[in-house]
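Read-outs: derived from the displayed coordinates by stated rules, not from any lab. This structure is a prediction, so every number in the text was calculated from the model and none was measured. Heads up, the Cβs are rebuilt from the backbone with ideal geometry, glycines too, and the neighbour counts pull from every protein chain shown.
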Amino acid sequence: MAGLAWPALRGLRKNYALETTAQDISDCMAFARASAVAQSAWYELDFMQSSSYRLYKLDSDNGSIARQVPAPGRWGAGKSVAADIELDAPSSPIFFYPNGTATAATVVLKGPNAPPLSIHLNGTLGYATISQ
């Protein structure tokens, strides 16, 4: 019996990896928005080489951006996606502003044997939603 169930369980594991990656990116966006508002600072989410992402706090000096500082916590250190997940993200950074808005963007995750998941970031509200 267990031998019959194994292929189905493997498929669930792949869906789980895709869903947890989507949720982690969505959580990162929520953290960036909340931090930008709480600290009156700009935050920048960069997707690098379509396999990883990293969150930065932008320090300003007299109203201009002086430097990027890795954000505190797990997203500032950078996160990689699993090798079997394809990440289709904007090539330019996503910005989160002190007034709660953000750069509108869509990030698509594709995995083997699983329907793609899209993370839509509403620029006006700064909220991310995950959909198939």
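List of remarks:
- 3J(HN,Hα) along region 76-81, derived from phi through the Karplus expression 6.51 cos²θ - 1.76 cosθ + 1.60 where θ = phi - 60°, amounts to x, 7, x, 10, 9, 8 Hz, with x in place of Gly and Pro.
- For Tyr16, Tyr127, Tyr43, order by how many other beta-carbon atoms lie within 10 Å, fewest first: Tyr16, Tyr127, Tyr43
- The tail of the calculated P(r) for region 18-132 beyond 19 Å holds 41 percent of all Cα-Cα pairs.
- Approximate spin-label separation Leu125-Gln39, in nm, with each point projected 7 Å along Cα-to-Cβ: 2.5
- Interchain or long-range residues, amide H under 5 Å from Gly76's placed H: Leu55, Ala71
- Footprinting exposure proxy for Ser92, Ser80, Ser35 (fewest neighbouring C-beta atoms within 10 Å first): Ser92, Ser80, Ser35
- The gain in end-to-end length when the Thr20 to Ala83 segment is fully stretched comes to 21.3 nm, 0.36 nm per residue minus the alpha carbon separation.
- As a proxy for reagent exposure, ranking Arg74, Arg33 by other Cβ atoms within 10 Å from fewest up yields Arg74, Arg33.
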